[in-house]
């Protein structure tokens, strides 16, 4: 079996593994009546979408989740940028120790981190606010963005920046003409990952912003109570992930 055929089989298998659960979710979202042991619903309809979006909670939760995710991602990228540059230039045990400390929030369940922050946020008046949610999400999103950004500042990028500086290019022009074009793909990947991590946060959102309707918090109660409504909300929840996957695939094809 040639490498090309192996690649096709692996690609087909990956597509099936991704598409099969998604197809079941789509069917479940339109199922009005689906009784065991039938393989397909006995009746299709839009009840799940009417219940999910009729009250307006899903729309408000989507807007809140988008606002928090976009703001968190932007802050994480701005903060991680200089830190990633510094860590990319450092070497040895000190860098390893710093990376281990930065990765610690990823080893703790988000709800535990959120619970620890909740008491301080209540004292500071940040509980149940968008700012509090952004700060709570930032503790989880920032390590992801930083760890992805570090490889962007390779020695080659530093050399290009030094060449531009030697030619008299100012900091802003170096950033726009050299740094961003050289690191754009990695920065985009870090931002997409940060957005998806914030978008899917349940534990920290529950602990810190339980009073604000976030999409994960709106979705979870329906999982056991009404799977049809949960499936309808899940399709909305999947939209950013699918868009991110499409953008990543397009970027890969263009790079090739």
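The values are calculated or read from the model by the stated rules, or taken from the named source; none is laboratory data. All values reported here derive from a predicted model rather than from experimental measurement. Reconstructed Cβ throughout: ideal geometry from the backbone, glycine too, with neighbour counts over all protein chains shown.
Could you pull out every one of the helices (runs of 4 or more DSSP H) wholly within segment 114-218 that has 2 or more residues that are under 28 Å from residue 58 (Cα atoms) and touching a helix residue (DSSP H, G or I) at 6+ places or on another chain (Cβ under 7 Å)?
Ranges flagged: 130-149, 180-199, 203-209.
Read through the list (1) modelled with pLDDT of 80 or more; (2) surrounded by 11 or more Cβ atoms within 10 Å (Cβ to Cβ); (3) more than 19 Å from the chain's Cα centre (by Cα), then give the number of the only condition that residue 112 fails.
Result: residue 112 fails condition (1) only.
Please work out if residue 13 is surrounded by 16 or more Cβ atoms within 10 Å (Cβ to Cβ) and in a helix (DSSP H, G or I).
Considered against the rule, which asks whether it is surrounded by 16 or more Cβ atoms within 10 Å (Cβ to Cβ) and in a helix (DSSP H, G or I), residue 13 comes out as no.
Just checking, which of 142, 87, 124 is out of contact with any strand residue (DSSP E or B) (no Cβ under 7 Å at 6 or more places or on another chain), within 19 Å of residue 71 (Cα to Cα) and modelled with pLDDT of 80 or more? Quick ask: steps written out before the conclusion?
Working: 87 fails: within 19 Å of residue 71 (Cα to Cα); 124 fails: within 19 Å of residue 71 (Cα to Cα).
The unique qualifying residue is 142.
If you check residue 178 against the conditions, is it out of contact with any strand residue (DSSP E or B) (no Cβ under 9 Å at 6 or more places or on another chain), surrounded by fewer than 21 Cβ atoms within 10 Å (Cβ to Cβ), modelled with pLDDT under 80 and within 25 Å of residue 109 (Cβ to Cβ)?
no
Go through (1) within 23 Å of residue 196 (Cβ to Cβ); (2) loosely packed, with under 15 Cβ neighbours inside 10 Å and name the single condition residue 132 misses.
The failed condition is (2).
Report whether or not residue 35 is out of contact with any helix residue (DSSP H, G or I) (no Cβ under 8 Å at 6 or more places or on another chain) and part of a helix (DSSP H, G or I).
The answer is no for residue 35.
Among 76, 20, 58, which is the only one that is at pLDDT 80 or above, part of a helix (DSSP H, G or I) and at negative phi?
It is 76.
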